[in-house]
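Participant: The structure's right below; bear with me while I get my questions together.
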Amino acid sequence: MLDLPHPERVDVAPFQLALAYSQYFYIIGNMETKTVVEQLAALAQETRLAAWRLLVEAGPAGLTVGSIGEALGVPPATLSFHLKTLANAGLVTTRQEGRFIHCVADFSVMHGLLGFLGENCCGGADCSPATLANNKRKSA
């Protein structure tokens, strides 16, 4: 989730605040429920989830289809089916480089999905792990 400044902070210039919240809306506010359902459905399968996590770990460089198959021990035809499902959901992009196909996780889509899922968490109250730990210490 984006780290947005509180609207009443005086040390943040108004244009910075407006920019931060417009970026938040661009990433989170434009998420359609149907899109989120498609993305979650694509991830709701063991092989696809494992492939996507490998791609997220690999970062912007991504991985070749062959290296994903080797890491997961999945036959090429099966892997192709699963990667196509991830690509159709917008979670993965592919590019051809010579004889190899490189797959890359789409990090803006990932952040949008995670932001959508946590958008109204705790009714807007700060429920970060640090805050929860501090509250536990205070009540003990």
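FYI, it's all coordinate maths here, none of it is from the lab. This is a predicted model, so every value here is computed, not measured. In this analysis, Cβ positions are derived from the backbone assuming ideal geometry, glycine residues included, and neighbour counts consider all displayed protein chains.
Participant: Using the beta-carbon distance between residue 134 and residue 111 and R0 = 35 Å, what value does 1/(1 + (r/R0)^6) give for FRET efficiency, to the nearest 0.05? Can you show the working numbers first?
Facilitator: Numbers: r = 26 Å, r/R0 = 0.75.
Using R0 = 35 Å, I get an efficiency of 0.85.
Participant: Please list, in chain and number order, the residues 5+ apart from residue 64 or on another chain whose amide H is under 5 Å from its amide H, with Hs placed from the backbone.
Facilitator: Close amide H contacts, sequence-distant or interchain: 103.
Participant: Trypsin sites (Lys or Arg not before Pro), restricted to region 95-140: which are DSSP loop and have at most 14 other Cβ atoms within 10 Å? The partial results should precede the final answer.
Facilitator: Numbers: sites: 95, 99, 136, 137, 138; in loops: 99.
Those satisfying the criteria are 99.
Participant: Need the list of lysines near residue 84 for cross-linking: C-alpha distance under 19 angstrom, and skip anything on the same chain fewer than eight residues off.
Facilitator: Filter leaves 34.
Participant: Moving to a separate point now. What translational diffusion coefficient, to the nearest whole µm²/s, does region 33-134 have by Stokes-Einstein, given a Kirkwood radius computed over alpha-carbon pairs, a temperature of 25 °C and 0.890 mPa s viscosity?
Facilitator: Numbers: Rh = 14.8 Å.
Reported coefficient: 166 µm²/s.
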